[in-house]
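Data block below; observations after.
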Amino acid sequence: MVEGPRTSTGADGRLELPPSPDAEQVRAAVQAWVAEHVPAAWQEAGRRGGAAAIRLVRSRDEYERWYPVFGRSGLVAPTWEPAYGGLGLAPDLARVVDAELRPFNLGRLNPLGLSNAAPALFAHGTEEQRLRFLPPIVRNEEFWCQLFSEPGAGSDLASLATRAVREGDSWIITGQKVWTTWGFRADYGVLLARTDPDVPKRAGITYFLLDMHQPGVDVRPLRHITGEVDFCEVFLDEAVVPDSQRIGRVGDGWRVAGATLSGERQMVSGAGSGGVDRIGGSGIASLIRLARKVSAQGLPGGWDDPVMRQEIVKLYTEERIRGWTNERVRQRLRAGLAPGPESSIGKVQQGTLNQRMQALAVEILGASGAAWESPAVQAGPAASADGGAGAGAGTDADAVAAQYAESLIHEVRGMLRSRANTIEGGTTEVNKNILAERVLGLPREPDPYQGKPWRDVPRS
């Protein structure tokens with residue numbers, strides 16, 4: 001009997017490894033998996049030119065269609081136990097995996113599931129909850145959003161007013177959330193709601209997992225300055241959450257949320273497991289290439305300009321420091337420790353650093369960064385972009401906004417998008433307070449309502 005060719009995966013699509021593998025065995029297994037499962041054109045482009053070359057041969061849609069292969073492999077979250085969708089590898093072996101996959105730009109989809117929902121499930125969820133929700137997160141079968149911020153509770157999140165009332169084995173949720181990233185795509189959301197208004201604001205909050213596909217959940221997309229839709233506002237009108245989808249104890253949601261917020265700051269600062277290096281624009285290597293390209297074209301303000309070159313090198317230095325700081329966060333995670341205040345350090349630094357980097361990219365472009373041809377201009381005033389329609393609504397306003405978004409120069413889009421970096425994932429001011437109190441040991445800001453019931457605290 002002739003045996004068939006040996007494959008790198010088992011019947012369930014998971015990467016096959018020997019018991020207690022060493023680094024060389026892991027490296028060989030990942031290389032075999034890449035050779036067998038990553039499309040040949042992506043492999044060739046990755047080895048030739050890395051992420052930039054892959055973007056030329058692989059569309060977003062193609063990657064999303066192929067992603068289930070990656071999701072089933074266990075390589076998306078290799079340190080997670082196999083029962084949760086990973087491979088159960090030690091942190092040092094997970095680094096071997098990452099090194100082998102890096103040339104092929106296999107970004108992790110479902111970043112809010114990986115970086116926001118998963119930390120809370122690991123730290124405070126039951127085993128039943130972890131087994132139910134973590135594997136579909138890894139495989140991107142259930143997409144996640146975060147339902148924390150409200151119109152009157154952004155930086156002061158603990159003032160949130162969304163209510164959850166117990167009815168038998170369920171909770172009835174009523175309220176409004178805003179700035180919900182990818183809410184229009186989400187299957188589930190991590191939700192903070194107030195379960196007791198008669199105790200201090202942080203003590204009366206409970207953490208839930210909300211099914212987004214149910215009556216009483218109204219998602220309305222919000223178009224941002226680049227013409228695209230990432231954010232939403234969500235109206236909850238007696239939506240139902242089973243008590244089995246409550247994470248942690250009733251009234252202990254603020255502590256549970258700490259795991260999610262640290263994960264979000266890691267993601268936004270580039271340190272998370274969600275595969276997000278930066279939100280808005282490209283990194284320092286792209287900035288250097290752009291400056292050299294401008295100089296090669298004989299235009300001013302490029303790499304040959306000593307003043308511009310000095311500004312670029314300043315950003316390069318800060319980018320390296322950011323990388324080292326984020327590595328401290330990764331080391332804690334690899335050691336099995338919860339994210340600490342280091343994630344706030346990275347978030348504070350990354351927000352302003354990325355804004356300056358993207359602004360300099362537009363400055364290097366010169367006049368072409370200030371004006372460009374756009375079919376949206378030809379549409380005229382009849383198709384005003386304030387039509388109020390959401391993503392995919394199919395109105396003239398949506399078509400114009402899509403044309404405008406498509407016409408944006410990459411560097412301009414990055415600069416505009418980066419303006420939110422110091423707000424999203426916790427404002428810079430809030431994160432500086434965290435650093436002051438938890439790292440530097442400074443006293444908390446005075447709060448005249450400290451310890452008073454939430455219902456007695458003035459709110460906007």
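Residues are listed down the side, and each one gets a yes or a no for (1) buried (at least 18 other Cβ atoms within 10 Å of the Cβ); (2) modelled with pLDDT of 95 or more:
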residue	(1), (2)
67	yes, yes
71	yes, yes
74	yes, yes
83	no, yes
95	no, no
If residue 379 satisfies every condition in (1) modelled with pLDDT under 85; (2) in contact with a Ser or Thr (Cβ under 8 Å, 6 or more places away or on another chain); (3) surrounded by 14 or more Cβ atoms within 10 Å (Cβ to Cβ) but one, which is the exception?
(2)
Being touching a residue at least 60 places away in the same chain (Cβ under 8 Å) and not aliphatic (A, V, I, L, M) is the filter; apply it to region 285-307 and report the residue that is farthest from residue 361 (Cα to Cα).
300
Note down all Cβ pairs under 6 Å where the first residue falls in region 308-330 and is at pLDDT 85 or above and surrounded by 19 or more Cβ atoms within 10 Å (Cβ to Cβ), the second is small (Gly, Ala, Ser) and not in a helix (DSSP H, G or I), and they're at least six residues apart or on different chains.
308/301
What are the pairs with Cβ atoms under 6 angstrom where one residue, in region 395-408, is buried (at least 17 other Cβ atoms within 10 Å of the Cβ) and the other, located anywhere, is of a type outside the set (Lys, Arg) and assigned to a helix (DSSP H, G or I)? Sequence gap at least six, or different chains.
400/376; 403/375; 403/376; 404/376
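The rows are residues; the columns are (1) small (Gly, Ala, Ser); (2) in a strand (DSSP E or B).
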site	(1), (2)
177	no, yes
180	no, no
186	yes, no
206	no, yes
210	no, yes
215	no, no
218	no, yes
Has region 129-140 got at least one residue that is in contact (Cβ under 8 Å) with a residue 60 or more places away in the chain, out of contact with any helix residue (DSSP H, G or I) (no Cβ under 7 Å at 6 or more places or on another chain) and outside the structural domain of residue 31 (by TED's automatic domain parsing)?
no
If you take the residues in region 28-75 that are under 25 Å from the mean Cα position of the chain (by Cα), of a type in the set (Lys, Arg) and in a helix (DSSP H, G or I), which one is nearest to residue 139 (Cα to Cα)?
72
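The values are calculated or read from the model by the stated rules, or taken from the named source; none is laboratory data. From a predicted model like this one, the values you see are computed outputs, not experimental measurements. Cβ atoms come from the backbone with ideal geometry, glycine included; neighbour counts cover every protein chain shown.
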